[in-house]
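Inspection log for the structure reproduced underneath, given as structure tokens.
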Amino acid sequence: MKKFTLSATMLFIIGGNLLVAQQLYMPRNVKIAVENNTRALDGSPGKNYWQNEGKYDINVTVNPETKMVSGVEKIVYSNNSPDTLNILAIRFVNNVHKPEAPRGGYASDDFFTSGLDIESFSVNNESYNVNSKNWGTVAAVRLKQPLLPHSSIELNIVWSYPLSKQDGREGQIDSTTFYVAYSYPRISVYDDYNGWDLLPHNLSQEFYNDFNDYQLSVKVPKDYVVWATGDLENPDEVLQPVIAKRLKDSYTSKDVIHIANFKEMQDGKVTKQNDWNTWKFNSTHITDVCFAVSKNYVWDGISALVDTIANRRVSVQAAYNDTAKDFHHYAKWAQHSLEYFSSKWPGISYPFPKMTSFQGHADMEYPMMVNDGTTKDFKFAQMVQDHEIAHSYFPFYMGINEKRYAFMDEGWATTFEYLIGQEEFGKAHADSVYKAFRIRSYIQDPSTEEDQPIITMSTQVSGVGYGRNSYGKASLSYLALKDMLGDSLFKKALHHYMDEWHGKHPIPWDYFNAMSAGAGQNLNWFFNNWFFTNNYIDLKMDTIKKEKDFYTITVKNAGGFAIPFDLRITYADGQISTVHQSPAVWQKNEREQVFKISTDKIIKSVQLDGGIFMDYTPKDNWWKG
Ligand SMILES: [Zn+2]
């Protein structure tokens, strides 16, 4: 099939007007990637597309007495690029706990640790003298022998680090419960448009990782259960037979099975009674692994049907403090999340074998795991879990660069959270939560110069500027496009983008071009309007004129965003009619629209209603005769 090409300037004749399709601003490094054919202007990976990968074999020991995590790790790293690599960038996010590390916000004493300590480091069996004392969250190690294109290298690292007393995205949740994430040194991403990813982690921007294979072993004392990314390979070695059977039964169960209750955990009835047990997990083509351990959490399991044609079920687990009332529903809620995301939006079968929800304080996603806080508000708890599980698609299925372009994942998680919320609690509730939680503070911010174009690199905006671009504004752009294309064509375009790029590293221009190709129309005017401008949301009623048997209504778009809205017309006889306008009305003229309403009745009032597209000045959205 001939692919839709956007490289030439395209001419469209719409409504008798000749429009020259807009070209989107493209940074020079991205232009070079296109010239090198690693990315293509039709939105697909270029014919020379490559990405690097690693095979990780990690053996970790967690000592609950000392709160130390220590590891013996082998990485086989493949350089699939056409470049010779003279350094390896090693990333260890947990070094953000070092007092010297740059951070986006305040940290208390309980947050600080001494960070990573490397005991030995070798490359292809050659020992390296690395001084990890001076490492931040990313450090460059100069290779004694360069890594040539299309060749591999073997690293062996022995390391340890202390668990932070204050838990956030990881750390000590209680004295016998730990969330252990970002817990191993890894090779940072080397990519085709930017080379080595050397951006430090500062607690704000999150994931950008290669797709790797992981063999993870976690050694813990008896009575500690381990939950982790990947399939548990040895349940019979680490669990007592009754518990192992319940776990296996849960893999196909449609109802919640209580795999281990509090009394069983207290009475030593759950794990094998060896001094130490080693839990083994396997996962492939995935961007990260993490795990959690507890001696006192209870454990639920259920399964979700994520592919009705292949009849594929995945394991859903929840681990929590028995006192957390909302978590007693978490496994059941997660079952629903996975089934909804698989069948409705995005409507792609959940791409992993498992999902575990763990009670902490982070409200944070990881591959096959989420770490959520507990709350008395059950609707809010379910929404947060929906949001974190939605991240399974962006960034974990689609390996987007969240550090540079957080809107490529947070915007989608926010959108899916809103769509599943409509199904769970009704549209009115979902609308009101979305407006209150995602939009209001953005559109009503008195300090509007914080509001930057969405395309702005995530590291270049901070605080509320980062939050608005990543979550609410980006989500509104996705929902505006859905409104404009209609559900069926929007889903076709979204699936085209996801099919082209899952398991790879798309950047914003790949998204823009793939959506245009998938929709079969050049959408650059829309993407330019939403991503590359200082537009905001502000409609304004201008004039209404009555002429014979029709009215002429002129609407100004003072804010400029191409939003959908309703014209709500109330007639003198009490009849109300609502005319929906899709964002397409702004294509020809982004600043003004004239609507003709044919009627022999008298119009009493007209309202412009953007719904979740909240208006900066709603007062001027009215006309009353
Ligand atoms: Zn999120």
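The values are calculated or read from the model by the stated rules, or taken from the named source; none is laboratory data. In this text, all values refer to a predicted model and were calculated from it rather than measured experimentally. Cβ sites come from the backbone with ideal geometry, for glycine too, and all protein chains shown count toward neighbours. Ligands, DNA and RNA are excluded from the accessible area calculation, which covers all protein heavy atoms including side chains. Shrake-Rupley method; radii C 1.70, N 1.55, O 1.52, S 1.80 Å.
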- Message: Shape verdict for the stretch 267-309, please, from the Cα gyration tensor: rounded (a/c under 1.5), prolate (a/b greater than b/c) or oblate.
- Response: oblate
- Message: Let me check something: with ligands and nucleic acids excluded, how do 505, 150, 496, 580 order by accessible area (1.4 Å probe), largest to smallest?
- Response: 150, 580, 496, 505
- Query: Considering only protein heavy atoms and a 1.4 Å probe, what is the carbon-and-sulfur percentage of the accessible area of the stretch 223-289?
  - Reply: 50 percent
- Could you give the accessible area per residue of the chain, probe 1.4 Å, as a whole number in Å²? 40 Å²
- Query: In the stretch 446-511, what percent of the accessible surface is made up of carbon and sulfur (1.4 Å probe, ligands and nucleic acids excluded)?
  - Reply: 50 percent
- Message: Ranking request for peptides 293-306, 372-385: highest mean number of other beta-carbon atoms within 10 Å first, then the rest in descending order.
- Response: 293-306, 372-385
- Which loop-located chymotrypsin sites (Phe, Trp or Tyr not before Pro) does the stretch 87-186 contain, where loop means any DSSP state but H, G, I, E or B and the Cβ has at most 13 other Cβ atoms within 10 Å? 106
- Note on the structure: Dividing the helical contributions, -39500 (n - 2.57) per DSSP H run of n ≥ 4, by the residues of the chain yields a 222 nm value, nearest 500 deg cm²/dmol, of -6500 deg cm²/dmol
- Message: Not counting ligands, DNA or RNA, and with a 1.4 Å probe, what is residue 103's accessible surface area in Å² rounded to the nearest 10?
- Response: 60 Å²
- Item | Kirkwood-type radius of the stretch 239-291, with distances r between different C-alpha atoms, in Å | 13.2 Å
- Item | By average C-beta atoms within 10 angstrom, highest first, the peptides 483-494, 137-148 | 483-494, 137-148
- Accessible-area order (highest first, 1.4 angstrom probe) of the listed residues 151, 462: 462, 151
- Task: Only Lys, Arg, Asp and Glu count, each charged at its Cβ (+1, +1, -1, -1), so figure out the dipole size of the chain about its Cα centre, rounded to 20 debye.
- Result: 1140 debye
- Message: Applying a 10 Å radius around every beta-carbon, put 507-517, 50-60 in order of their mean neighbour count, most first.
- Response: 507-517, 50-60
- Message: At q = 0.11, 0.12 Å⁻¹, what log₁₀ I(q)/I(0) does the chain have when each alpha carbon counts as one equal point scatterer in the Debye sum?
- Response: -1.11, -1.28
- So the FRET efficiency between residue 174 and residue 29, C-beta based with R0 = 41 Å and rounded to 0.05, is 0.35
- Item | Where labels lie 7 Å past Cα in the beta-carbon direction, separation of residue 533 and residue 575 in nm | 3.5 nm
- Task: Would you work out what percent of the accessible area of the stretch 314-421, with all protein chains in place, is carbon or sulfur (probe 1.4 Å)?
- Result: 54 percent
- Query: Of 482/556; 165/473; 548/604, which pairs sit farther than 26 Å apart, going by alpha carbon to alpha carbon?
  - Reply: 165/473
